[in-house]
Structure formats: structure tokens, C-alpha cells
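Visitor: This is the structure I have questions about; it appears just below.
The values are calculated or read from the model by the stated rules, or taken from the named source; none is laboratory data. None of these values were measured; they are calculated from a predicted model. FYI the Cβ positions are ideal-geometry reconstructions off the backbone, even for glycines, and counts take in every protein chain you see. Surface accessibility is based on the protein's heavy atoms, side chains included, excluding ligands, DNA and RNA. Shrake-Rupley method; radii C 1.70, N 1.55, O 1.52, S 1.80 Å.
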Amino acid sequence: MHVKNTTQLKQAQKKIVAEQKKFPKKVIVCCGTGCLANGAAKIVDAFKKVLDERKIKDFAVEALCETGCHGFCEQGPLVVIEPRGTFYTKVKPKDVQQIIERSIENDETIEKLLYTDPQNGEKIERYNDVSFFSHQRRIALRNLGKIAAHDINDYIAVDGYQALAKVLKKMTPDEVIESVTKSGLRGRGGGGFSAGRKWRTCRDVESDTHYILCNGDEGDPGAFMDRSIMEGDPHAVLEGMAIGAYAVGASEGFIYVREEYPLAVVNIQKAIESAVEIGLLGDNILGTDFSFNIKISRGAGAFVCGESSALMRSVGGEIGEPRAKYIRSVVKGLHDKPSVLNNVETFVNIPIIINKGADWFAAIGTPKSTGTKAFSLVGKVRNTGLIEVPMGITLREIIYDIGGGIIDNRPFKAVQTGGPSGGCIPESMLDLPVDFDSLTEVGSMMGSGGMIVMDDRTCMVDLARYFLAFLVDESCGKCVPCREGLYQLHAIVSRICDGKGVEEDIEKMEKLSEMVVLGSLCGLGISGPNPLMSTLKYFRNEYEAHIRDKRCPAGVCRELITYEINDKCTGCMACIAVCATNAITGKKKEVHVINQEQCTKCGACYAVCMHDAIEVF
Amino acid sequence: MNHDFSKLPEIIDRYPRSPESLLGILQDIQKEYNYLPCEALKKTAAALDIPLSKVFQISTFYNAFSLNPKGKKVIRICVGTACHIRGSKLIQDQIESQLGIKAGETTEDMEYSIEVVACVGACAMAPVVAVNDKYYGSVKVTNVKKILRSK
Ligand SMILES: Cc1cc2nc3c(=O)[nH]c(=O)nc-3n(C[C@H](O)[C@H](O)[C@H](O)COP(=O)(O)O)c2cc1C
Ligand code: SF4
Ligand code: FES
């Protein structure tokens, strides 16, 4: 198939949709990273095998759809039977035979595979009735879990590339930029800069070449939105980039993909190839004089390469050191040419803005933060996974309505957003609306969308140490305040965790943080002290407990805690088996004892004890 | 270590002969040999006509590269934020003590290497451990042994 103009694209779409309608039922197997780790590949194989063996009327292997991440990773592997939307969780290969016999050949549901609502214990049959999904609004993740990532036809069937066709046929580049500006779309990679304005500036720079780049580096540990999009809906990224390229006048684009995401590289590569084959990328797209090619650039494991100027140097084969900000990369970026860099999620919003209109998009969310935002909801929350919500929703709604509250009903302590550049938000602010400006105001930031929930057993001092250690590792070392300042901050926090902190440390850290913020060149250094500052602001009492009382209230910092066995011990010997230093002694059915001299406080015994017999002091 | 470098010219030929190709070539060499053998770096520098120091600059800047050989099974422990909060340190302790090496090291028999990474993008399944290309989610102290033994 090769589509030469917009009419042919429409015809192709009709044909594909008609083809798909031949199967009255469809089986969707989630093949996102989470479900694959839970064994989704075996489920797919089992379906193929059973379907091959039995010939079922109106149903064939083609009606089996391997999609990207649905988001509800906690419950994987997930299987959905369309059009009813029957939602099966934690499916095992041995369940497949039964699914085919009962839910495909007949319209029955299999009770035991349904999701159980943790609030009332009721079984929920349909996908959209599960509270995890029903409170979401999916725009950027619109196709995830619905279409096969490998198949361009699936994307075309859901109006894929229609937005590109529309801009090429009916809109001037200026109109595209105007529309994106009017939609209020702000960059989803962290900073929240207006996408339309960035495109405008780039277009206005006179040059023989412009570049368009997509930031798929997703360096924020604890976030996987961009990964899921690149793996599950790669064509939407390509279409968004192509529209951007048309708007700014670029004919070449790059996607910078993080090295830890091999499947994303494979799926995007495949998507590029099939788009070129059909004629939706390459020369003279849809019979116009617009030509656009996309190359993948693989990252090599450096957080700082997510920063715009570092990313562009890395694409150029150099080391990823940021450069001074007085030259902006929209003016002088890749190979010193005007370049637009946007995040993956920013790009996937573009086609839908073009299709549905700027006003439609601007009406969602809040006036200053329009649209929706995808988050990876992780940590100590019950329903971990990938979610998308309208801007302006409160943290409480996200954590309790979608996330289902804290694991084991423990008390909520804080939620961390914005990754290593963000901060921790305490319980008193749970009703804060989630938008760019509100989060920045309270000392955190939107970031790319990691949302890490913490309960009373997370130590905030240890968390600050964790982020500082990460940043010390990842600082490129170009500026002294970042390289040495963060190093010293880490040393001080570590000392506090080890129970060697002194009263003056807090003030010293505050002063030093100010200097790091003032003296650093790029965002890594400038926002590096944020996790520390926000925990100092909202959880100062924890720092004080470490310094004054030599106590870690959360029971995490090893130098300040002891593990002891109480009389609930049944003598099951489970802890003895996991203790790496043989510090636990005791006979079967007798209460065990921990030898404190030998104990390294690793907590393995605590993790395996089924009888609440191990206590932390 | 002795290597068969017959594949090297082919790897270098995948890319145009320009300094810009360096990163891609090094990534492919890393993939082929699981580390960057010194001999390969020298040959790459010569082929692209750039100083060896430049090749080392790139090789040491990026975390993806290793100048030391890796074991057959590379155990990558995620210590990203989500995994950290859900106890990756404990998992790391267990793996280190069971293999008798620390993160960043390789066992003498070249069977295992341990690496720590900040997020592999499966955060909903924290804590996560990857053995070569296979991911294990919700890892518990009690299934570390099984994961290490898995093929
Ligand atoms: C240290 C550092 C790391 C960053 N990492 C990322 C990243 O992983 N992904 C991303 O999209 N943006 C990242 N950014 C932000 C980018 O520099 C840039 O602002 C963004 O990609 C622009 O796209 P947007 O306007 O669509 O958000 C990072 C910035 C800094 C300073
Ligand atoms: S602030 Fe830190 S990471 Fe950024 S350029 Fe300076 S040293 Fe490098
Ligand atoms: S933090 Fe471990 S996989 Fe993301």
C-alpha cells in the first residue's frame, strides 16, 4: 500500500475499518513492559496455540491484538474482550482455553478473573467501571491498550495521520502554530513552556535548515509515561513530529531514546519504516512538497542528556555537556541550526489538537494549564500504574480515587513529583490542584510526570540523600557549584542519616543550596537542591529527630535503628534463612533472637516475617 | 582477554566515517562484546581519524559503556526512586551477598556481573531486577535465589 494523497488515506482507513469489522469480537492482550514482566508473552502464545487448534467461527488469530501498556500494571497480565469490554486481570496461560470457550464462543464472563474492588469486595466486569480507569481522562494515552503498536493499519483505523493530512492540505504553517499556541499546550517534559511559542520562535529564525527533536530520554527515575507511549503508540509521536516539522519548516527530525528502553527503539524503528513505506514519512508526503525524515538517536545512560543543549550535543555524537543559556537552542541548536525540542507527550497531543481544535483542548484542565497530564503513579500506593488526568485535579483524587489509597492502609506521608528536580508535598497539601504553577509554588514541580507516593515508613532524610546521590552521579561536572556543592550536600545529609549530624548542619545546607541554585549553569544544578529544600521545609522535624535524638522515625536509616524479635515469633525459621550474616539464632518453634553485634540492619528478616514478630526501634 | 575482532570492521561500516558516528559505533561495540575492549577503541579511533583521547572521553562520560568485561549474566538492579522506596537496597544486599560481589563487579568465573541502574521504566512493578533482557517485578528477598539461577 502506498498513499499518494489525502483521499487515498481516507480510503485506506475505510478499508482497514471494514476489514476489522469482520471479527465481531476482539481479544486484547496488554504487552506493556509491566505485563511482559508478568508473563504476557506466554498468554499471547497460548491464545495463538488454542486458536490455531480450534477453528472458531468469525474468529481468527487476526482478532488478537497485542497492545502497549494499559497502565494498570499492578494487575497484569491484562486481557480485555471487546466490544463488551470484559476485563480480566492476572491472567495465566492455563486460563486461556477457558476464556476462549466461555467468553469468546459464548458471552459468559469468568468470575475469578475479574477485578475485585478493594473497597467493597465486589467483582467488576467492565474495563471502564474499574475506578482506576473511570476517574481518568485519556488524551495523550488515547490509543494505549487499544491498538497494536506494531501495526500502522491499527493507527490509521483510529484516525491516525488524518491530522497530518489536514495540515498539509488545509493549513499554512502559521495557522498550525497559531492553533497550537491557542490550545495553550505547555511542554510536558518539565519546564512547561508554551509549545506554540517555541515553534514560532524557531520558525522565525532565518536558516536553510531547521530541526525537530523529540525528547524520549525520560531520565526521571520513577517515571515511565514516555516509554509506554513510545512503545505502545509510536505513530502518534511520529505524526506529532511531522506536524511540528511542517510548522517550523524542518525536513529532518530526531528522536532521542533512552538506552534503558530497547523495546521503544525497536517499535519506533518499525513505525518509521512502515510510515516511510506507506508514504506518510519521506519525500513529498501525501503528494505535497513537504518532505520529512526521522532518525533515532540512542541515549547512552546520562541523565543530563535530557537537558536540551546536552541532548543536541549528544545527538551530534559528543559528550552531553550543557552549554550556557544565552544562546537558545531554538535559535542555535543541533549543528547550530534553529531546533525545536519537545517531549514525547507534548508531541502526541498535537494530532488531537489539530483534529479536534484548539478550543476543545483549551477547555480541558485549567486556564493556565490546559489539557491533561500523564503520570506514573508509583511507590506505596495500592494501584500503581500509568494514568492520565485533566490538569487541576487534586492530589487526593489521584492518590485515593485512582490509586486506591496507601498499601496496607498505612498513613500517607508525602508525594514526590518532578523527579530529581522536584520536591515532596506533605499531607496537608493533598487538596492542591495538580497544574504547572501550583506545584512550582509549593516548591515542587510538574516534571515529566513521576508521582511517587510515600507512607510513614519512608524516611525523608534518606530520600533527600537518595536524590542527592543520584545528582552527584549524574552532574556532568562542568560547573563547580553543581559538581562540588551537590557533593558536599550529599556528604552532610549522609552524615545526618548516619547519626553524626550536628545542629548547624541544617543552616549550612540551606546556605549551600542557595549557592548551588545561583551558580549552576543548567537545570540539573539549578533545581538539584529542590528535593532537599522541600523535605527541609515540610519535614524538618525528621531532620531534627536524626540530629538531636539520633533517631530515624521511619525506621530506615541503618545506623539509627535496631531490629528485635518479639514474642509473636512462632519459631518458623524464615528469618534465619534470609539473614546474610547469620545474626539470628533459635530453634524451630522457639522464639528467635537477633545478635545485635552481627546484625547489619538490612531488614531482610522484617521483610519475610509473616507474624509481625520483628520490630524496628 | 582475547577477542575475535573480525566483526569490528562491519560494525564500523554501519556508520558514515565521521566523528558524529562515534557514539553509535561505541554502542554497537558495547552490545557485541558487553564492554569496550581497548583494542576495539583503538581501531575505532583510527577508522574515524580522531584522537584516542576523544574516544575515551565519550566512553567514560556515558553510563552505558564499560571498560571492563562483563559476566555472562548481567544482573541489573533498579535503584530508581520507585524501587528505592519499595526496598531495592535490601534486594541489592541480598544479591550482593549471594554472589559475593558488589555492584559494579564481576564474579571471577565471569558468570555474573552486578550493576545498579536508576530506573528501567517498569516502576509500577517495583522493586525490579533485570537479568540480561528479562525483567522481574515485585522482587522479594525470598525469590532472589530463583532469579539468579534462572536462565
Ligand atoms: C537535567 C535535565 C534533564 C532533563 N530530562 C528531560 C527528560 O528526560 N525528558 C524531557 O522531556 N525533558 C527533560 N528535560 C527538559 C528538557 O530540557 C526540555 O525542556 C524539554 O524536553 C522540552 O520539551 P517540552 O517543552 O515539550 O517539555 C530535562 C532538563 C534538565 C535540565
Ligand atoms: S549545572 Fe551541573 S549538570 Fe548542569 S552544566 Fe553545570 S555541572 Fe553540568
Ligand atoms: S524506579 Fe525502578 S523501574 Fe523505575
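Visitor: Considering only region A:128-191, give the helices (runs of 4 or more DSSP H) lying wholly within it that have at least 3 residues that are of a type in the set (A, V, I, L, M, F, W, C).
Guide: By residue number, A:152-157, A:162-170, A:173-183.
Visitor: For A:Cys602, indicate whether it is within 10 Å of chain B (Cβ to nearest Cβ) and in a loop (DSSP other than H, G, I, E, B).
Guide: yes
Results for (1) acidic (Asp, Glu); (2) out of contact with any Phe, Trp or Tyr (no Cβ under 8 Å at 6 or more places or on another chain); (3) surrounded by fewer than 20 Cβ atoms within 10 Å (Cβ to Cβ); (4) over 24 Å from A:Cys69 (Cα atoms), shown as yes or no for each residue.
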residue	(1), (2), (3), (4)
A:Asp359	yes, yes, yes, yes
A:Asp401	yes, yes, yes, no
A:Pro411	no, yes, yes, yes
A:Ile425	no, no, no, yes
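Visitor: For residues that are touching a helix residue (DSSP H, G or I) at 6+ places or on another chain (Cβ under 9 Å), of a type in the set (A, V, I, L, M) and more than 10 Å from chain A (Cβ to nearest Cβ), tally how many sit in region B:51-97.
Guide: 6
Visitor: Can you confirm whether A:Leu532 is among the hydrophobic types (A, V, I, L, M, F, W, C), away from chain B (no Cβ under 14 Å) and either under 37 Å from the mean Cα position of the chain (by Cα) or in a loop (DSSP other than H, G, I, E, B) (or both)?
Guide: So A:Leu532 passes the test.
Visitor: A follow-up question, please. In region A:221-268, what residues are within 11 Å of ligand 1 (Cβ to nearest atom) and either open to solvent by 10 Å² or more (accessible area, probe 1.4 Å) or within 22 Å of A:Leu334 (Cβ to Cβ) (or both)?
Guide: A:Asp226, A:Gly240, A:Gly244, A:Tyr256, A:Val257, A:Arg258
Visitor: Is it fair to say B:Ala118 is within 16 Å of ligand 2 (Cβ to nearest atom) and facing chain A (nearest Cβ under 7 Å)?
Guide: Answer is yes for this residue.
Visitor: Of a type in the set (A, V, I, L, M) and more than 16 Å from A:Gly404 (Cα to Cα), is that true of A:Val130?
Guide: no
Visitor: Would you point out which residue out of A:Tyr487, A:Tyr543, A:Tyr538 is of a type in the set (Phe, Trp, Tyr) and open to solvent by less than 10 Å² (accessible area, probe 1.4 Å)?
Guide: Answer to the selection: A:Tyr543.
Visitor: Let me ask something else. With (1) open to solvent by 30 Å² or more (accessible area, probe 1.4 Å); (2) within 22 Å of the chain's Cα centre (by Cα); (3) under 27 Å from A:Leu168 (Cα atoms) as the list, and A:Phe303 as the residue in question, which single condition is left unmet?
Guide: It is condition (3) that A:Phe303 fails.
Visitor: Given the residues A:Asp455, A:Asp462, which is the only one that is among the acidic types (Asp, Glu), within 14 Å of chain B (Cβ to nearest Cβ), in contact (Cβ under 8 Å) with a residue 60 or more places away in the chain and within 28 Å of B:Asn63 (Cα to Cα)?
Guide: Going through A:Asp455, A:Asp462 in turn, just one is among the acidic types (Asp, Glu), within 14 Å of chain B (Cβ to nearest Cβ), in contact (Cβ under 8 Å) with a residue 60 or more places away in the chain and within 28 Å of B:Asn63 (Cα to Cα): A:Asp462.
Visitor: Kindly check whether there is at least one residue in region A:340-358 that is of a type in the set (Gly, Ala, Ser) and under 29 Å from B:Cys119 (Cβ atoms).
Guide: So far as region A:340-358 goes, no, none of its residues is of a type in the set (Gly, Ala, Ser) and under 29 Å from B:Cys119 (Cβ atoms).
Visitor: Let me ask something else about it. Does A:Ser475 satisfy the criteria of being modelled with pLDDT of 95 or more and within 15 Å of ligand 1 (Cβ to nearest atom)?
Guide: So A:Ser475 fits the description; yes.
Visitor: Determine the pairs where a residue that is within 14 Å of chain B (Cβ to nearest Cβ), located within region A:319-335, has a partner that is hydroxyl-bearing (Ser, Thr, Tyr) and near ligand 2 (Cβ under 10 Å from one of its atoms) with Cβ atoms under 6 Å apart, the partner being 6 or more residues away or on another chain.
Guide: Taking only residues 6 or more apart or on different chains, the pairs are A:Pro322/A:Ser309.
Visitor: Show the residue pairs meeting these rules: Cβ distance below 9 Å; 6+ apart or different chains; first residue within region A:299-311 and in the same structural domain as A:Ile255 (by TED's automatic domain parsing); second residue polar (S, T, N, Q) and within 7 Å of ligand 1 (Cβ to nearest atom).
Guide: Short answer, once both residue conditions are applied: A:Gly306/A:Asn215; A:Gly306/A:Ser448; A:Ser308/A:Asn215; A:Leu311/A:Asn215.
Visitor: Here's another thing I want to ask about it. Which condition number does B:Cys123 fail, the rest of (1) within 11 Å of ligand 3 (Cβ to nearest atom); (2) hydrophobic (A, V, I, L, M, F, W, C); (3) over 26 Å from A:Cys459 (Cβ atoms) being met?
Guide: For B:Cys123, the failing item is (3).
Visitor: For region A:568-599, name all the residues that are part of a loop (DSSP other than H, G, I, E, B), more than 42 Å from the chain's Cα centre (by Cα) and surrounded by 12 or more Cβ atoms within 10 Å (Cβ to Cβ).
Guide: A:Thr570, A:Gly571, A:Gly586, A:Glu590, A:Val591, A:His592, A:Asn595
Visitor: Of the residues that make up region A:341-353, is at least one more than 16 Å from ligand 1 (Cβ to nearest atom) and either open to solvent by 20 Å² or more (accessible area, probe 1.4 Å) or among the aliphatic types (A, V, I, L, M) (or both)?
Guide: no
Visitor: Can you work out which of the residues in region B:48-66 that are among the aliphatic types (A, V, I, L, M) and assigned to a loop (DSSP other than H, G, I, E, B) is nearest to ligand 1 (Cβ to nearest atom)?
Guide: B:Ala64
Visitor: Can you pull out every residue in region A:282-341 that is closer than 30 Å to B:Gln30 by Cβ and among the acidic types (Asp, Glu)?
Guide: Selection gives A:Glu307, A:Glu318, A:Glu321, A:Asp336.
Visitor: Considering only region B:67-101, how many residues are touching a residue at least 24 places away in the same chain (Cβ under 8 Å), in a loop (DSSP other than H, G, I, E, B) and open to solvent by 20 Å² or more (accessible area, probe 1.4 Å)?
Guide: Residues meeting the conditions: 8.
Visitor: Considering region A:268-291 alone, what residues qualify as being closer than 15 Å to A:Ser251 by Cα and among the charged types (D, E, K, R)?
Guide: Those that are closer than 15 Å to A:Ser251 by Cα and among the charged types (D, E, K, R): A:Asp283, A:Asp289.
Visitor: Here is a follow-up. Where in region A:424-517 are there helices (runs of 4 or more DSSP H), lying fully within it, with 1 or more residues that are under 24 Å from the mean Cα position of the chain (by Cα)?
Guide: A:436-441, A:460-474
Visitor: Further, regarding this structure: Going by the conditions given, is A:Leu521 hydrophobic (A, V, I, L, M, F, W, C), within 10 Å of ligand 2 (Cβ to nearest atom) and not assigned by TED's automatic domain parsing to the domain that holds A:Leu311?
Guide: For A:Leu521, the condition - hydrophobic (A, V, I, L, M, F, W, C), within 10 Å of ligand 2 (Cβ to nearest atom) and not assigned by TED's automatic domain parsing to the domain that holds A:Leu311 - is met.
Visitor: Right, another one. Suppose we keep only residues that are within 16 Å of ligand 3 (Cβ to nearest atom) and within 20 Å of A:Leu518 (Cα to Cα) within region A:471-505. Which one would you say is farthest from the other protein chains (Cβ to nearest Cβ)?
Guide: Step by step, filter region A:471-505, then rank; the result is A:Leu471.
Visitor: Quick one: which of A:Gly160, A:Gly145, A:Gly184 is within 16 Å of ligand 1 (Cβ to nearest atom) and more than 21 Å from A:Ser308 (Cα to Cα)?
Guide: None of the others qualify; the one that does is A:Gly184.
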